[in-house]
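Before any comments, here is the structure.
What follows is calculated from the coordinates using simple rules that are stated; it is not laboratory data. Please read these numbers as outputs of a predicted model, since none were measured by experiment.
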Amino acid sequence: MHHFPDAGGNVAVDFLLARGGRYVAIEAKSSPKLQDAHLKGLRAIAPLPGLHRRLVVYAGSPSERSRRTEDGIDVWPVPVFLKHLQDSSFWY
C-alpha cells in the first residue's frame, strides 16, 4: 500500500494499492454527497503506469448505485465498496 502526493504536494490519493504490477488508486470521503473537488487527486494520478482503476468511496446512501465519471473514475458508496473488497473484484 502506498500514498500518492503530486510533485507540488497540492493533491494526493488516500490509498494506492499494488498487486502484480497493477495499481488501484482509492480516495475515501466521509461526505454523503460527492463534489468535483473530491476527484482532484484521482485525476492527477491518471498518467501513472500500471494504473488499473481510480476509485472514490463515499458515504452515500445504501440505495445508491455505483457509477463512473466521464473520465473513468469509479464512484462507489461504502456498501458497494465493501462488497467488492470482500471478493477482491476491484482488481478485475
If each residue of separation counts as 0.36 nm, what is the full-extension length gain between Ser30 and Arg68 once their alpha-carbon separation is subtracted? 11.8 nm
Convert each backbone phi in the stretch 66-71 into a coupling constant with the Karplus relation 6.51 cos²θ - 1.76 cosθ + 1.60 (shift: θ = phi - 60°), then list the ³J(HN,Hα) values in order as whole Hz, x for Gly and Pro. 6, 8, 9, 6, 4, 9
When DSSP beta bridges are limited to those with both residues in the chain, what percentage is antiparallel, rounded to the nearest 5? 45 percent
Report the semi-axes of the equivalent ellipsoid for the stretch 9-83 in whole Å, largest first, where each axis is √(5λ) for an eigenvalue λ of the Cα gyration tensor. 20, 14, 11
